[in-house]
Amino acid sequence: MKNIKYKAGFTLVELLVVIAIIGILSTVAVVNLNHARAKARDAKRISDINQITIALKVYYENHGQYPSNTDSDCAGWDADGDESFMQDLVDDGMFGSVPSDPLTSGDCIGFRYKYHRYNAGQYGCDVSRGPYFVLVIANMETVNHTTSHSPGWSCPDRDWTPSYAWVMGGFEN
């Protein structure tokens, strides 16, 4: 009888199984990495909005009112850019440059910081509290609607909270 010697190595099936396992593991890693990046961008958005809110309060202390709205093509809401309410805060020295959304899309939808200053009593809010601002993050990547941590903002005739991912506001008085 002949003695058959086999070369040591892997069979084609073994190699294909290993390649498939590596492919599955790398796909899972990439998906998790993308989700972690989206969460990091959302955290930056919330941090930016909190910093903008503090800057708005300082602006109010310096000027006796919140910044006015500028003309905007986004249904009365200001957005990122040199023409926005943010430029007033930059001009006052509260920011070195305009904070912008990590994925600003350049249109009125998507991921945007929005601001509007309302007149006293508008939407049924208490007239004695004076004008007020509403500041929002239109959308976030990791939540569909308002996050549970959003401070929220509403008046008797309008609640902005269900419409945006993050909402906050403040009265002048």
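No lab work stands behind these numbers, since they all come straight from the coordinates. This one's a predicted model, so the numbers in the text were calculated from it and none came from an experiment. Cβ: placed from backbone, ideal geometry, glycine included. Neighbour counts: every protein chain shown.
Within the same chain, lysines fewer than 8 places from residue 57 are excluded, and of the rest, those with a Cα less than 21 Å from its Cα are 44, 114. Going from the fewest other Cβ atoms within 10 Å to the most, the residues 125, 155 appear in the order 155, 125. When 103, 25 are sorted by how many other C-beta atoms sit within 10 angstrom of their C-beta, beginning with the fewest, the order is 25, 103.
Panel order for 45, 37, 158, by other beta carbons found within 10 Å of each beta carbon, from fewest to most: 37, 158, 45. The Cβ shell under 13 Å around residue 152 holds other residues with a net charge of 0, Lys and Arg each +1, Asp and Glu each -1.
Net charge in the neighbourhood of residue 94 (other residues with Cβ under 15 Å of its Cβ; Lys, Arg +1, Asp, Glu -1) is -4. Using a simple spin-label model with pseudo-atoms 7 Å out from Cα toward Cβ, residue 14 and residue 51 lie 5.5 nm apart.
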